[in-house]
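Read through the structure below, which is laid out as structure tokens, and then see the notes.
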Amino acid sequence: MPQGFHQRAAELHQQAAHAHLVAATHHGKEDHLTGHEHSRQAMEHAAQAFRASQEAHQKSATAAGKPEEKP
């Protein structure tokens, strides 16, 4: 199975981590409006990363011939 699904999930996790770091920096500089916006973006990236991770896991299980697990 190509590693593309896992790679995409990893990229989304990195984007979320970066956005959280940027938000923390802005909050530390008393720039709360910008910090809140970056926090919102970080949460969106984290949700996308989670969905991509679930999809990659399901596709890996399917490719391996294992039954699909329900969360």
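The values are calculated or read from the model by the stated rules, or taken from the named source; none is laboratory data. Owing to the predicted nature of the structure, the values given are computational and were not obtained by experimental measurement. Cβ placement follows ideal geometry from the backbone for every residue including glycine, while neighbour counts extend to all protein chains displayed.
Kindly check whether there is at least one residue in region 61-71 that is at pLDDT below 85, exposed (fewer than 13 other Cβ atoms within 10 Å of the Cβ), among the acidic types (Asp, Glu) and not in a helix (DSSP H, G or I). Yes: region 61-71 contains one or more residues that are at pLDDT below 85, exposed (fewer than 13 other Cβ atoms within 10 Å of the Cβ), among the acidic types (Asp, Glu) and not in a helix (DSSP H, G or I).
Out of all the residues in region 1-35, which are among the polar types (S, T, N, Q), closer than 30 Å to SER60 by Cβ and not in a loop (DSSP other than H, G, I, E, B)?
Hits for region 1-35 are GLN7, GLN14, GLN15.
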